[in-house]
Amino acid sequence: MPTVNGSMTPRELSENDDIATSLLVDPYLGFITHKMNSRHRPLKGRQREEMGELVRGFIKDQDYERRLNKILEGDWARSFFLTKTRAQQQQTKMHLVHYLRVYDKDAGFTIQSCNRYSMEDGGGMICASKKW
């Protein structure tokens with residue numbers, strides 16, 4: 001797993017959150033969650049399906065290295081990493097690992113879609129999966 005020394009700026013954190021939710025949460029839940037960058041472009045078509053399959057595969061095999069490598073093979077990565085320093089690239093990779101941990105069998109919670117509020121097109125919820 002990549003390690004990162006130092007911290008992210010608020011802008012870097014927002015950008016990494018937008019990338020991670022676009023890659024690992026939205027395809028799994030089936031809708032686009034809120035993004036900090038109003039110009040963020042979500043994944044389309046086949047890319048979105050592949051990321052959803054990747055998350056479901058991770059839930060089954062729990063193979064962080066394999067799944068992170070598959071994520072980083074995506075078209076998004078080539079253009080995204082062009083303007084990033086090595087440290088920023090490592091921060092993004094680590095952030096993606098943190099988001100994969102949401103789907104870890106030992107996380108103690110799950111993320112699920114939720115239609116509780118009629119004013120929303122899609123919503124998500126965090127549910128405990130073990131007694132805390």
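FYI, it's all coordinate maths here, none of it is from the lab. These numbers come from a predicted model, not from an experiment. Using ideal geometry, Cβ is built from the backbone for each residue, glycine included, and neighbour counts are taken over all protein chains shown.
Couple of notes before you dig in:
- Tensor-based shape of segment 1-88 (alpha-carbon gyration tensor, a/c under 1.5 rounded, otherwise prolate or oblate): oblate
- Simple label model, 7 Å out from Cα along Cβ direction - residue 104 to residue 31, nm: 2.9 nm
- Euclidean distance between Cα centres, segment 27-54 to segment 74-132, Å: 11 Å
- Fewest-first ranking of 19, 59, 111, using other Cβ atoms within 10 Å as the exposure measure: 59, 111, 19
- Each of 7, 38, 14, 129 was scored by other Cβ atoms within 10 Å of its Cβ. Listed from fewest to most, they are 38, 7, 129, 14.
- Listed by Cβ neighbour count within 10 Å, with the fewest neighbours leading, 36, 51, 94 appear as 36, 94, 51.
- Taking amide H as placed 1.01 Å from N in the peptide plane, residue 109 has its amide H under 5 Å from the amide H of 129, each at least 5 places away in sequence or on another chain.
- FRET efficiency, 1/(1 + (r/R0)^6) with R0 25 Å, evaluated for residue 13 and residue 72 via beta carbons: 0.80
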